Each structure stands twice: as C-alpha cells, then as structure tokens.
Amino acid sequence: MGKYFGTSGIREVVNDKLTPELALKVGKALGTYLGGGRVVVGMDTRTSGEMLKNALISGLLSAGIDVMDIGLSPTPLTGFAIRLYEADAGVTITASHNPPQYNGIKVWQRNGMAYTNEMENELERIIEEGKFRKAAWNEIGRLSHADPRGEYIKKALEAVSLDGSYTIVLDAGNGAGSILSPHLQRELGNKVISLNAHPSGYFVRELEPNAGSLEGLAKTVRVMKADVGIAHDGDADRIGVVDDEGNFVEYEVMLSLISGYMLRRFGRGKVITTVDAGFALDDYVKPLGGEVVRVRVGDVAVAEGIMRENAVFGGEPSGTWIMPQWNLTPDGIFAGALVLEMIDRLGPLSELAKEVPRYVTLRAKIPCPNGKKAKAMELIAREVLGSFDYKRLIDIDGVRIENDEWWILFRPSGTEPIMRITLEAHTKEKAEGLMRKARELVERAIGEA
Ligand code: MG
C-alpha cells in the first residue's frame, strides 16, 4: 500500500504528513504522469484545504498542466466537472469522513473513476524518483476558475424527476455537500430543512453517517414530520438515510432498496457490491431480475466491476453508490435525488424497508500485528478448508466462505493492527456458533504466524 495515498481504499493521509511541500510534489508528479493537458481541482471544507490546494496547483502548473480551480467542491462534483470540461484528470483535496485535522488528496481519471492502486503507485514512484516534468517559461500551465454547479443541477434534473413534493431534512455535516445537496433537492421541488450546513471546516457531528452520528437528523425528521432525512460524509460521495419514522435505515437495507429501484428503472442486469456485503441484497434483487457480483472493497473496484460486467448499479455497504448512467464517481448528492425518486414512485421508506430480509450479522476485531497479517491470512485460507463446510470461497479480498445460509469474511484491516471477522447467518444461534469457531481459527493462525 502506498506511502502517500493511505490505505484501505480511502486515499487520504493524515494532515501532519500532508504538508504543502508534499502537495506540491503530488502536483508535479501528476503533471509529469499526464505529460500535458488539463486538470480540475476542488476541495472540501477543511481549514487546510486552500493551503494544500494552492500548493498542488503550483506543482501542476510548473509541469505545464492547465488547471481549472472549482473551489469548494464535493467529490462527485469534481468527478462531474472532469467530464463536463473534458479534463484529463481531477483532484479533490479531502479526508472524506475523517476528523477535521486530517486531509488528503484523491485523484480521478478522465472517465470519473478514481485512480487505481497501480496509478497511485506510479505517482508515488515519480515522487520518490524526483524527476519532474518542468515547463519552460512560455509553457507553464494556465490557471482558470470555473463553477460547474449550474450544469450539475441542470443535468441532474434531466436525469431525475418527481411527481410529488416532499419535506426533507438534509444534514451535510458541515462538509462539501452543504450547499449543493440541499440546492438540488429544492430544485426537484422539495421543501428542504438544512442541518449542519455552514461549510466552515468545523464539524458539529462525526462525519461518518451512522445511527449514532445522525441522531440529530433523526430527531429533526420526527419533529418536522418530514418524509426523509438525508446525510453525507465530508466530501459527499456517501449517503446515509433516515426514514419517515425517524429511524436510521441500515446501510445494507438501503443498498438493497436502491439496487432494486435501479433494476426496476433500467431493467434486469448485474449489481456490483463488495465482499463485505450481506445476503439481503442477493435475496432482494433476485425476483427483480438482478444478479449480484462481489468485488474487492473500495470504490475503484466497484467502478471497475461495473464496467467489466456492464452493471446497472454498484454500491458498498458503507453508503458509497455508483450510478453508471450518471458517472463513475461515487455520488451521495445524486444518490439523494434518486432516493427521493424511489419514494415518489414506490412509497414511504419505512414501508419499503420492511420488504428487505434481515439476517443476523456479527463482527469481531482481533489484534494482529501488521507484520503478521500476510502469514496469518495464508494460514486462515488453508485452515478454513477443514474447519467449515462451505460451498464457495471468494479470495479476491481477504477470504470469504459461504453456504446458502451463512457466510464468513476474514479480512485484515488496511489501517489498524487488527484482523476482522464479519459473518452473517439466518439465526442467532448459528451466527454465534460460527463466530466461536472463526475466532478460534483466527487466534490460532495469528499465534502460529
Ligand atoms: Mg467520502
């Protein structure tokens, strides 16, 4: 995993590592890698955003790259702008759902998809080597400022429409979606109540949208008798949803519902998700003509899966959704519009959520030094053969074994010295039994590694 671009599919680094000096080098390296052309640069609301963005832009200009600075921009708007302005790449200065003192650099391809690990490794190699492209005085890149918001709203309104009007509480967490997301919902004809919408870089709630961090949103939905609550993380590539009764809708349930809606809208086909997603999705989409394909964790793998399988939709159980008819950048803002369209066509969320099957999910973290992870995974992969009576094994990212009634995923954390076990079964007894066995196996493997 990369030294500069972080791990586990979020390409963010800690602010004390991400200095303006490093941002300058990333700009030079990206310019060197591209060898010319145009790059769109946006940033989220963090206090270090301007500092890092300007350093990065300097690096790009020095390598002869023209830069379009789009200022405060959710990740999906950057992805949209790349295609709108026919740029060769895009960059968002963001640390996604991480605390305010963090920041990072995310790079995007011309088709709106994130840079792959291989591409990031190449940028890192250029930084290590230090041989940067240096433009002559008359070939230094030009800087312009652009605002793609109007076009984004226009195109989104062409893609999504509502017959009715709804009351929405929108909590963008003081992040980059604070202005654009409520704006789009209002343009769709809804009444919008905004929470945490001053884009100051000071975050009132934890940025990861979950049942705990969205308690304020849930309460407001109840008090205002709203139809739905919508929340984003810091760069608004993710969506969290609260139903009309003020309950946080579990990610797996939302993933099933939206996949089902996309199949209804665009016809039967494939849905891409990651190895950590449960069976509810498979069971929910099958009657709608959907087939689920699982890929590695991370939005790059999901986008690649969508293209390879020509899928109608791809999403992770973290609320990261990619709608290929729209773009290959995960887009929590467009996702919010789609959720409203789904409610408009199919009915209230609290009712829809009842249609999704629920199983028992258990998770465990077992301490494992980083140096032992590879060997321990090897031992686990060998040992599961004799220990569990499974039908299928998927080893594209960790080891997932599954039967028709249960699955277990063994996967080392990308960021922490722990081994994760995630499992799902139809009954509590079965789940607990599997967890005891899985835990024993992992502890033994770590001991022997
Ligand atoms: Mg994010």
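Coordinate-derived values only; no laboratory data. Nothing here was measured: the structure is a model prediction, and the numbers come from that model. Backbone-built Cβ (ideal geometry, glycine too); neighbour counts: all protein chains shown.
Quick notes
- Qualifying GluC sites (Glu not before Pro) in the range 221-274, DSSP loop, other Cβ atoms within 10 Å at most 14: GLU245
- Fewest-first ranking of PHE410, PHE132, using other Cβ atoms within 10 Å as the exposure measure: PHE132, PHE410
- Dipole-positive endmost among PHE248, SER213, SER259 within the range 201-320 (Cβ charges, Cα centre): SER259
- Magnitude of the charge dipole for the chain, about its Cα centre and with charges confined to Cβ atoms of Lys, Arg (+1) and Asp, Glu (-1), is about 540 debye.
- Residues SER413, SER96, sorted so that the one with the fewest Cβ neighbours within 10 Å comes first: SER413, SER96
- The modelled label-to-label distance between LYS428 and SER165, using points 7 Å beyond Cα along the C-beta direction, is 4.7 nm.
- Note on ARG308 and ILE366: the extension gain reaches 17.4 nm, defined as 0.36 nm multiplied by sequence separation minus the Cα-Cα distance.
- Charged side chains reduced to their Cβ positions (Lys and Arg at +1, Asp and Glu at -1) give the range 153-219 a dipole of some 180 debye around its Cα centre.
- Note on HIS145 and THR19: their simple-model spin labels are 3.0 nm apart, each label 7 Å out from Cα toward Cβ.
- Ranking of TYR202, TYR390, TYR115 by count of other Cβ atoms within 10 Å, fewest first: TYR202, TYR390, TYR115
- Axial C-alpha extent at least 27 Å, average Kyte-Doolittle at least -1.0 - helices from the chain (DSSP): 428-448
- Between GLU158 and GLU378, the simple spin-label model (points 7 angstrom out along Cα→Cβ) gives 5.4 nm.
- Of the GluC sites (Glu not before Pro) found in the range 303-360, the ones in coil according to DSSP and having at most 14 other Cβ atoms within 10 Å of their Cβ are GLU355.
- Of LYS354/LYS430; LYS28/LYS373; LYS17/LYS219; LYS191/LYS286; LYS131/LYS372, pairs whose Cα-Cα distance is over 28 Å: LYS28/LYS373; LYS17/LYS219; LYS191/LYS286; LYS131/LYS372
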